[in-house]
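*Asks:* What follows is a structure written as structure tokens; I'll ask about it next.
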Amino acid sequence: MKSVLPRNNMAASNRRVSVLRLGHRRERDKRITSHLGLTARAFGADEVILAGEEDESALETWRSVSERFGGEFEYRYETNPLSFLRRFAKDAGDGKPGEIVHLTMYGESWRESLGVIERNRPMVIVVGGTKVPGEVFKLAKYNISIGNQPHSEVAALGVFLESLIGQIDESKHFQGGEIQVIPSLDRKKVMSLEEE
Ligand code: SAM
């Protein structure tokens, strides 16, 4: 039986959330892929996995932001994302199936589906770039739409993670960085955390 948790209970369950970016094209998707990883990090995912064309510059952006702003965010390149998903669907590393969520405009509404998504298992959230292989729709336990209109993988991921994970305590979540933003209504305030 699927566990049904209230909205925004992900932080409490503390399960690993990875974002798999399919079909990256080095030149065309440079900025959007970089922003996708930063959105994954900022909204509380644990890892971004890059697939498609290998691209050191995306990995370097995620490394450098994580170093400056802290946290335990991981990032890596995956040569064969479909094999990775096939394995993950059967075994998330502990001998039990992982949860695959595919964000697609053809899916079931996220508002309707959040309540039935199993949150107590490692999860991979898949987003596309170029045409997504049909097998992804089958491997995914949940094909989820953020509305049924075409828009952007960054927007879809941000909305979905915010609904899934909810508010994160940034001062705890992003520790060990070199700088910290001090929220301010009237000016830019940044604290340097580097030791002299
Ligand atoms: N052209 C691609 C295709 O035919 O599958 C999709 C391009 S779209 C800009 C890139 C990605 O954004 C999609 O693969 C999906 O992950 C995400 N996306 C776009 N609109 C979405 C929506 N309404 N709901 C959920 N995800 C969406």
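The values are calculated or read from the model by the stated rules, or taken from the named source; none is laboratory data. Remember, predicted model here, so these are calculated numbers, not experimental data. We place every Cβ from the backbone using ideal geometry, glycine too, and count neighbours over all the protein chains shown. Just the protein is used for accessible areas: all its heavy atoms, side chains included, with ligands, DNA and RNA removed. Shrake-Rupley method; radii C 1.70, N 1.55, O 1.52, S 1.80 Å.
*Asks:* From the helices alone, meaning DSSP H stretches of at least four residues, give me the mean residue ellipticity at 222 nm for the chain, per-run term -39500 (n - 2.57), in deg cm²/dmol to the nearest 500.
*Replies:* -9500 deg cm²/dmol
*Asks:* Still on this structure, please answer the following. Two decimals, Cα atoms only, Kirkwood Rh: what is Rg/Rh over the chain?
*Replies:* My calculation puts Rg/Rh at 0.97.
*Asks:* Give a quick list of GluC sites (Glu not before Pro) in the stretch 43-116 that DSSP marks as loop, anything other than H, G, I, E or B, with at most 12 other Cβ atoms within 10 Å.
*Replies:* E72
*Asks:* Please tell me the relative contact order of the chain in percent, rounded to the nearest whole number, where contacts are Cα pairs under 8 Å and at least six residues apart.
*Replies:* 30
*Asks:* Report the residue, chosen from K90, K30, K131, that carries the largest GNM mean-square fluctuation when the chain is represented by alpha-carbon nodes joined by springs under 10 Å.
*Replies:* K131
*Asks:* Could you tell me which residue out of W110, V181, S163 lies farthest along the dipole of the chain toward its positive end? Charges go on the beta carbon: Lys and Arg +1, Asp and Glu -1, centred on the Cα centre.
*Replies:* With unit charges placed on the Cβ atoms, the residue in question is W110.
*Asks:* I would also like to ask the following. Rounded to two decimals, what is Rg over Rh for the stretch 121-196 when you use alpha-carbon atoms and the Kirkwood radius?
*Replies:* That ratio is 1.12, to two decimals.
*Asks:* Sorting H151, H102 by accessible area (1.4 Å probe), largest first, what list results?
*Replies:* From most exposed to least exposed: H151, H102.
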